[in-house]
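The values are calculated or read from the model by the stated rules, or taken from the named source; none is laboratory data. This is a predicted model, so every value here is computed, not measured. As a convention, Cβ positions derive from the backbone with ideal geometry for all residues, glycine included, and neighbour counts pool all protein chains shown.
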Amino acid sequence: QLDKQGLVSEFKAGLRVTTPEAMDVVRMVLAGQVQRELVGLLNQHGPLAVGMTGEDAHTITATQHRPTIDGESVDIGRVGEITAIDTGAIQALLDDGR
């Protein structure tokens with residue numbers, strides 16, 4: 001999909017650099033196409049599935065990952081490590097019988 005959007009992948013020491021533009025494509029594919037398909041398949045067995053992402057209701061908090069390459073901290077873009085998960089929105093769905 002990145003190629004279809006005219007985005008060229010950049011690598012630093014073998015690690016993919018994830019630009020804001022690339023993240024938009026990833027979000028479109030995963031939260032749009034893939035999530036919609038999965039929710040649809042699940043809902044064929046009962047209309048309970050709800051699609052969400054880590055961005056929804058600020059469910060996932062992360063800090064930027066900056067690997068050290070050749071002794072220097074390197075910015076590889078929108079790559080991070082999860083630091084917290086707020087389960088409130090998920091629990092609310094479960095409490096609602098979803």
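For residues in the range 42-98 being more than 30 Å from E10 (Cβ to Cβ) and of a type in the set (D, E), which is modelled with the lowest pLDDT? Only one residue fits best here, namely D96.
Here the strands (runs of 3 or more DSSP E) wholly within the chain that include at least 2 residues being surrounded by fewer than 14 Cβ atoms within 10 Å (Cβ to Cβ) and at negative phi are 10-12, 60-64, 80-85.
Just one residue in the set R16, R98, R27 is basic (K, R) and under 13 Å from the mean Cα position of the chain (by Cα); that residue is R27. Taking the range 15-57 as the range and being over 24 Å from D96 (Cβ atoms), out of contact with any Gly (no Cβ under 6 Å at 6 or more places or on another chain) and among the polar types (S, T, N, Q) as the test, only Q33 passes.
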